[in-house]
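Read through the structure below, which is laid out as structure tokens, and then see the notes.
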Amino acid sequence: MVVLAGVSKWYQNQVRILNQVNLELKKGDFLYVVGGSGAGKSSLLRLIATEERPSSGTIQLFGYNLSTVSASTLRAIRQSLGYVPQDVRLIPDLSVFDNVALSLSLAGQRVLSAQCKGKISELLNRMGLEPKRDHLASTLSGGEAQRVAVARALVRSPELIIADEPTGAQDRDFTWSLMDLFLKSSAGGATVVLATHDREIVRRVRKRCAVLKGGQISLEEALSLY
Ligand SMILES: Nc1ncnc2c1ncn2[C@@H]1O[C@H](COP(=O)(O)OP(=O)(O)O)[C@@H](O)[C@H]1O
Ligand SMILES: [Mg+2]
């Protein structure tokens, strides 16, 4: 599903943010990416989300080598993944509902069926956003905007979910609701990569961890030290 082989990343001759990273994830795997601020969590997730290219090494998603795929295959790959960027990136002058709906129309559904609309409503409801469905994204709090970004990523039922500190702006209740959604997706067969620096999550929901340090990752089964 996801294979990184000898992946390095650096910007303009600077130090290597990632240095020869190897990683393999299978369908249904759930992986935390942990590490201190500036360790390279977001950089790693951007590479997996096809937002950036590695400086060297190869990344395979769904069996395709990203450095050699055609533009149309890359589009199809992007439609099969749900990415929650750390900086959220909603469209400010669209409503909450339309920000989520756009994710479906970009995936090719121009006219949303009643079923799709129902799915959006259900997700918004679970995230406590239904009362704000017609509010402009620009009027949301940081936590609300982050939940919209999660809804936008999950509404297509992606096979690969890449979430960058998706609970960073949430209180405890919403943190566990969001974790529940990610775990259910994983149980349903989606592969989940979740960057976090929330020790309580990692302690309470035990999953494999990729610990980033000095540009390299070490895999730990369920992090006991963290
Ligand atoms: N576009 C960029 N240009 C130059 N340096 C960058 C860029 N993006 C990230 N970095 C640097 O890469 C390092 C890792 O950043 P990041 O991946 O955001 O870490 P984390 O998400 O773990 O906090 C940081 O030192 C950051 O300053
Ligand atoms: Mg980050």
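No lab work stands behind these numbers, since they all come straight from the coordinates. Not measured: the values here are computed from a predicted model. Methodologically, a virtual Cβ is constructed for each residue, glycine included, from the backbone with ideal geometry; neighbour enumeration extends over all protein chains shown.
At-a-glance table
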| item | result |
| --- | --- |
| Label-to-label distance, nm, for residues given as Glu51 and Leu94 (7 Å Cα→Cβ offset) | 1.7 |
| Residues Arg203 and Leu183, FRET efficiency given R0 of 22 Å [Cβ-Cβ distance, rounded to 0.05] | 0.90 |
| Which of Thr191, Thr58 has the fewest Cβ neighbours within 10 Å, and the rest in rising order | Thr58, Thr191 |
| Total charge dipole magnitude, the chain, about the Cα centre, Cβ charges on Lys, Arg, Asp, Glu only, Debye to nearest 20 | 380 |
| For Gly82, residues with placed amide H under 5 Å, excluding near neighbours | Leu160, Ile161, Ile162 |
| Percentage, to the nearest whole number, of Cα pairs in the stretch 81-184 over 22 Å apart | 20 |
| The chain: DSSP helices with Cα axial extent of at least 20 Å and average Kyte-Doolittle hydropathy no lower than -1.0 | 172-187 |
| Among beta bridges that DSSP assigns inside the chain, antiparallel share in %, nearest 5 | 50 |
| Charge dipole magnitude, Cβ of K and R +1, D and E -1 - the stretch 1-63, Cα centre, debye nearest 20 | 40 |
| Fewest-first ranking of Tyr64, Tyr83, using other Cβ atoms within 10 Å as the exposure measure | Tyr64, Tyr83 |
| Flagged links, alpha-carbon separation over 32 Å, of Lys9/Lys132; Lys9/Lys117; Lys117/Lys213; Lys27/Lys213; Lys132/Lys213 | Lys9/Lys132; Lys9/Lys117; Lys117/Lys213; Lys132/Lys213 |
| Charged-residue dipole, Cβ positions (Lys, Arg, Asp, Glu), the stretch 135-226 about Cα centre, Debye nearest 20 | 180 |
| Over the chain: helical MRE at 222 nm, DSSP H runs n ≥ 4 each giving -39500 (n - 2.57), nearest 500 | -10000 deg cm²/dmol |
| Alpha-carbon spread of the chain, three principal axes, descending order, Å | 46, 42, 34 |
